[in-house]
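Only one structure is covered here, and it is reproduced in the block below.
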Ligand SMILES: [Fe+2]
């Protein structure tokens, strides 16, 4: 009897969900700023059949209905065809807890809770990591520890899904870990359904030349994510936009499915509470020395002059002490724009460890032109008086590498070997996976790096 009930249970767990291809997840949607309401998009994946989903939500008072829309069909080689749904939860009270449920007919499929987007100037807590979805215990441990922090939202600094950001790879490496039904070190956590995810593409999520004969389901980011679309306008044939070869039918299908998101969702900005984010695609097919792109960043930061905190996020760190990727310095060419725009923190991944610089300014060699080798000679000026404890007023932006979210760690041997670090690095931890926790109030920004074991690895505070 016991055997049979266990068997039934296991079969039930293994059985495919009748309605969900993947369970619900929360996104900011195309909302760069918070409107009067703390609206969010509730999304999920359904099987490739017509279903009348019903979405209801409530923060205070009774249940309200949201209207689900089928956003696109995803039908590529190597994956079962499925559909992306989205329902806009419009009438949420900023910063307040809310509950939602999804049903079909009389059958309730799921109920979960979250916090509505916070109003301008509200205090926030968010979690950041990168280089993560590889389906490892390290990834699951980071997800679990992050769930204990109860962040308002999560930001991923790129290389969201290995090895090529494909639709099929989301199915094995992303959804099961970040939307696990149980929270534990060995399973991950039900984060996606309870915490809005934000993020930026890395080199594993998007490539400049995509051969559809080899990779028929690429750029899944543009199918599944829903983030602001307020970045620079780049047409499909623009040189800074990924190109396709190998299969014109697949290309047409991809472009049709992603006509609302590709390529616009690669660069954008948004406000969450008292923080302004500028999010940049730093892949090598984009040249950030381009005058128009530099102007977009400068204008975006200028428009955010009143925000309490300004964070710039992109995948490739320009100031990196790891022997791995040490020569990929092209984003140094944007340092002057970020300094002028008074960015507080620059968050990157790509390098699979944790690093913090002194507050620094950088000047490229006069007349230097970025070449193929990606190295950028120049001069940095370090604010060594800032320690984040006694002196909490940095004179320049601080650059963080937080790329230890799950993939194999880089250069573990450099952790305690200060002689191997570049002069601009003040902290370097590469012997354990980790993530960043940032708390912001009007006067303080507190940064902590927490290990996959839940231990604090680094801590600093910035005050106004
Ligand atoms: Fe990377």
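The values are calculated or read from the model by the stated rules, or taken from the named source; none is laboratory data. Predicted, not measured: the structure shown is a model, and the values here were computed from it. Here the Cβ is made from the backbone with ideal geometry for all residues, glycine too, and neighbour counts use every protein chain on show.
Key figures
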item	result
Hits in the stretch 302-318 - residues which are away from the ligand (no atom under 16 Å from the Cβ) and in contact with a strand residue (DSSP E or B) (Cβ under 6 Å, 6 or more places away or on another chain)	304, 307, 309, 310, 311, 312
Residue 426 being within 12 Å of residue 354 (Cα to Cα) and over 23 Å from the mean Cα position of the chain (by Cα)	yes
Check on residue 99, buried (at least 16 other Cβ atoms within 10 Å of the Cβ) and within 26 Å of residue 29 (Cβ to Cβ)	no
Yes/no for residue 258 being touching a strand residue (DSSP E or B) at 6+ places or on another chain (Cβ under 9 Å), touching a residue at least 60 places away in the same chain (Cβ under 8 Å) and away from the ligand (no atom under 16 Å from the Cβ)	yes
Single match in 437, 429, 401 (criterion: more than 24 Å from residue 124 (Cβ to Cβ), buried (at least 19 other Cβ atoms within 10 Å of the Cβ) and touching a strand residue (DSSP E or B) at 6+ places or on another chain (Cβ under 9 Å))	429
Matching residues, the stretch 277-289, being surrounded by 14 or more Cβ atoms within 10 Å (Cβ to Cβ) and either assigned by TED's automatic domain parsing to the domain that holds residue 28 or assigned to a loop (DSSP other than H, G, I, E, B) (or both)	280, 281, 282, 283, 285, 286, 288, 289
Test: residue in the stretch 339-356 that is surrounded by fewer than 21 Cβ atoms within 10 Å (Cβ to Cβ), assigned by TED's automatic domain parsing to the domain that holds residue 386, free of Cβ contacts under 8 Å to residues at least 60 places away in the same chain and more than 24 Å from residue 444 (Cα to Cα)	no
Any chance residue 358 is touching a strand residue (DSSP E or B) at 6+ places or on another chain (Cβ under 7 Å) and within 16 Å of the ligand (Cβ to nearest atom)	no
Test: residue in the stretch 227-237 that is assigned by TED's automatic domain parsing to the domain that holds residue 300, over 24 Å from the mean Cα position of the chain (by Cα) and either loosely packed, with under 14 Cβ neighbours inside 10 Å or within 18 Å of residue 161 (Cα to Cα) (or both)	yes
Enumeration of residues in the stretch 117-127 that are more than 24 Å from residue 182 (Cβ to Cβ) and buried (at least 24 other Cβ atoms within 10 Å of the Cβ)	117
Any hit, the stretch 199-206, residues being surrounded by fewer than 24 Cβ atoms within 10 Å (Cβ to Cβ) and touching a helix residue (DSSP H, G or I) at 6+ places or on another chain (Cβ under 7 Å)	no
Set 305, 298: member being at pLDDT 95 or above, within 26 Å of residue 121 (Cα to Cα), outside any loop (DSSP other than H, G, I, E, B) and not assigned by TED's automatic domain parsing to the domain that holds residue 39	298
